[in-house]
Amino acid sequence: MDTNCEEKLSFQAEVSRLLDIVANSLYSNKEIFLRELISNASDACDRLRYAALTEPELLAGDPDFKIHLSSDAKARTLTIADNGIGMNRDELIENLGTIARSGTAAFMNQMKDQEKDKSDGKTGGANLIGQFGVGFYSSFMVADKVEVTSRKAGEDHAWTWTSDGKGDFTVAAVSPDALDLARGTRIVLSLKKDAAEYQDTARLRTIVKTYSDHVAIPVVMTVDDKEDMLNSASAIWRRAKSEVSEEQYKEFYHHVAHAFDDPWLRLHFKVEGVIEYSGLLYVPASQPFDLFAPERRHGVKLYVKRIFITDDCAELVPPYLRFLRGVIDTEDLALNISREMLQEHPVLTKIRGAVTKRVLKELKKKAEKKPEEYAKFWENFGAVLKEGLYEDAGQREILTELARFASTKSEGLTGLSGYVERMAEGQSDIYYISGNDADAVRRSPHLEGFEAKGIEVLLLSDPVDEFWIPAIGTFQDKPFKSVTRGDVDLSGFATKDSDEKAKPEPEDAAPGTDALVAFLKLALKDAVKDVRRSERLTGSPVCLIADEGDMDMHLERLLKQHRQIDTASKRVLEINPKHSLIRSLSRRLEDKDAAGGGANAALDDAAWLLLDQARILEGETVPDPAAFARRLTAIVERGFGT
Ligand code: ADP
């Protein structure tokens, strides 16, 4: 093999920036580089073991997977070698020259956000390295040169990738003998002066025990010509709970979830029965960055008889539990099962059903016993869990018990049964309002009448709310009713405040209001579906509502945003007959003949301004901003008598 064909290539710009942060980071926990490299090596072994199920020749006489550590004090190097799947030239360039790893991309995004607030990017980066881990690139925290020699299983050529982590790297073909392995990857770190501790066998042993004990592949070191195993190398999920320490559980979570927080919940179980499987699942304490990506992928790996099969088996966990991380391992599938066979496989369907029930039950326990902790979970993953309300009719009951909402009455979150218990006498509907933004929803004029009568309204601000409500329709036989759609009749409810009740009603403007309604209908003609007196307003003059049979306004906006529909239904404009502005407009209308033509124009402007105001309150854009501005100016001018 020609060894002179060394190629020099540049890192992707983001990688260069990342390396700069990593190399200069003051992060004190540098030892995590070893965890990252061992994790990569173990993934490489898992991948080859799986590939060898269908192509056993890939193992070519070296069937025992191993990760080998060795150090050379004279040369000040540390070597990590694995006989996993290896990388060819293109893979070396692609994997080690660009940011492929999702966690690293998230790290960089966080960096960007932090730099907006802070000029001291280095310190910020250091903290984040601990939180995210930056995979292979973390080697540059301890090494000033890294050499990766790799030979892909089943291929003849070996390649060496070398870099000092400063902008570029080289790739060269090397003789296959350069690698003292049948296949796989050897990484030689030339340790920085201040990182000499990582040649020390005792130190390495401690680090491996701390961070990589759960790794299912043996991690060995040659001491006195003898191979010494540093980790337990047993699948942690197969061990009895009593044999796993809190630290080990946590480290495994970091490994399997590529996350670096502490998990919020852990489920470790073994099921023996018709179908046999065990699982170790976690709910993270924070949102994974791709939680709302359209693929809705979960983070649970499928193992069969301790062998990794895939981390992309959609059938294993329903999309509304996609925040789960961990492993499910079953005895009841064939090792060489193909992807196609996994779809709709009855064993998987059964496991999914049982695991779903188990997770929901555990969440319910938390919700009942630790409501404050549960509220944190809900904040992170409630919007995802609610997808289950319309996707999984079988679990609807428990999901409605798990759902939490902001409401006009409770400080924190409330459940639906809490709402029903607090319902006013004679109240038969569960009232809700939905919108994009929790604060805007809370301030909506539609709530005024309900507030005055002390009737609780659920405040919904997740897009998914528009979908599950029509799907489930009722809770404990009480229908859900949007306060922004159709008529509401609040006349049967007493006003909350007895003082207020005692107050004389403002002068009734009924006769004038009818005329004003008629006038507005005429003036706004095609722009609205109807104009009506409002039951729901107390403090605001106007609001828009959707007519009973029409789509809820928020849903319609959502669908338009996602280009699902391109028409908009016309709205009903509701006016508040008790509002002083509405009353003075009514009077003005009665007097207009006396006042002459100018009053007509003013009333016409007022009509359109009322409508535009209601649109703005709905978060909609004013269709004709120029006309809006002209009318506003005219009215203000008249007001000032200019
Ligand atoms: P991650 O492991 O999260 O994907 P890294 O930056 O650590 O991110 O590694 C990037 C990629 O390089 C890996 O996804 C893998 O494809 C490849 N890789 C790294 N180390 C090895 C190894 N020892 N053997 C084979 N492939 C490896």
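The values are calculated or read from the model by the stated rules, or taken from the named source; none is laboratory data. Predicted model only: the values in this text are computed from it and were never measured. Heads up, the Cβs are rebuilt from the backbone with ideal geometry, glycines too, and the neighbour counts pull from every protein chain shown. The area values use the complete protein model at the heavy-atom level, side chains included, leaving out ligands, DNA and RNA. Shrake-Rupley method; radii C 1.70, N 1.55, O 1.52, S 1.80 Å.
Can you give the accessible area of E14 in Å² (nearest 10), computed on protein heavy atoms with a 1.4 Å probe?
Around 90 Å² of this residue is reachable by solvent.
Could you give the spread of the C-alpha atoms of region 140-243 along their three principal axes, from largest to smallest, in whole angstroms?
Principal axes ranked by extent give 49, 39, 30 Å for the Cα atoms.
Strictly greater than 11 Å: what percent of every Cα pair in region 390-433 meets that?
Numbers: 662 of 946 pairs.
When all Cα pairs of region 390-433 are counted, 70 percent exceed 11 Å.
When DSSP beta bridges are limited to those with both residues in the chain, what percentage is antiparallel, rounded to the nearest 5? Working shown, then result.
Details: 65 of 85 bridges.
Percent antiparallel among DSSP bridges in the chain is about 75.
Which lysines, on any chain, are close to K361 with Cα under 27 Å apart, when same-chain ones fewer than 8 places away are left out?
K241, K250, K270, K301, K305, K350, K369, K370, K376, K386, K478
Where Rh denotes the Kirkwood radius from the mean inverse Cα pair distance, what is Rg over Rh for region 237-377? Walk me through the numbers on the way to the answer.
Details: Rg = 14.8 Å, Rh = 15.6 Å.
My calculation of the ratio gives 0.95.
Tell me the per residue accessible area of the chain using a 1.4 Å probe; a whole number in Å² is fine.
Values: 30410 Å² over 642 residues.
Accessible area per residue, the chain: 47 Å².
For T349, put the label point 7 Å out on the Cα→Cβ axis and report which residues of region 289-320 keep their amide N under 20 Å from it.
313-320
What are the semi-axes of the equivalent ellipsoid of the chain, taken as the square roots of 5 times the eigenvalues of the Cα gyration tensor, listed largest first and rounded to whole Å?
Working: eigenvalues 816, 172, 88 Å².
Rounded to whole Å, the semi-axes are 64, 29, 21.
Quick one: ranking R533, R183 by accessible area, 1.4 Å probe, largest first, what do you get?
Numbers: R533 100, R183 5 Å².
These residues rank, largest area first, as R533, R183.
Using the Karplus curve 6.51 cos²θ - 1.76 cosθ + 1.60 with θ = phi - 60°, what ³J(HN,Hα) values do you get for each residue of region 612-626, in whole Hz, with x for Gly and Pro?
Rounded to whole hertz, the list is 5, 4, 5, 5, 4, 4, 7, x, 9, 8, 7, x, 10, x, 5.
Rule-of-thumb check for region 6-233: C-alpha Rg over 2.2 N^0.38 Å? Walk me through the numbers before you get to the answer.
Working: Rg = 17.3 Å, N = 228, 2.2 N^0.38 = 17.3 Å.
Compactness ratio reported: 1.00.
Any chance you could run the full-extension gain for E243 through E227? It's 0.36 nm times the residue separation minus the Cα-Cα distance, nm to one decimal.
3.3 nm
Less than 18 Å apart at the alpha-carbon level, and either on another chain or at least 8 residues along: which lysines does that give for K112?
Reachable lysines: K122.
Give me log10 I(q)/I(0) at q = 0.14 Å⁻¹ for region 535-620, Debye formula, one equal scatterer per alpha-carbon, no solvent.
-0.60
Ordering Y198, Y27 by how much accessible area each has at a 1.4 Å probe, largest first, what is the list? Don't skip to the answer; put the middle values down first.
Working: Y198 10, Y27 40 Å².
The most accessible residue leads, giving Y27, Y198.
Just to confirm my numbers, what's the Cα centroid distance between region 229-265 and region 163-203 in Å?
What the calculation gives is 28 Å, centre to centre.
Identify all lysines with a Cα-Cα distance to K226 below 18 Å; exclude those on the same chain that are fewer than 8 residues away in sequence.
Output for K226: K66.
Quick one: how many lysine pairs in region 506-639 have C-alpha atoms under 14 angstrom apart, if they're 8 or more apart or on different chains? Kindly include the intermediate steps, with their values, before the conclusion.
Values: K521/K529; K521/K570; K525/K570; K529/K570.
Taking the Cα cut-off of 14 Å, the pair count is 4.
At a 1.4 Å probe, what is the % contribution of carbon and sulfur to the accessible area of the chain?
Numbers: 14660 of 30410 Å².
With neighbouring chains kept in place, the figure for the chain is 48 percent.
Translational D (Stokes-Einstein, µm²/s) of region 377-468 at 25 °C and 0.890 mPa s when Rh comes from the Kirkwood sum over C-alpha pairs? Write out the running numbers ahead of the final one.
On the way: Rh = 13.8 Å.
Roughly 178 µm²/s, to the nearest whole number.
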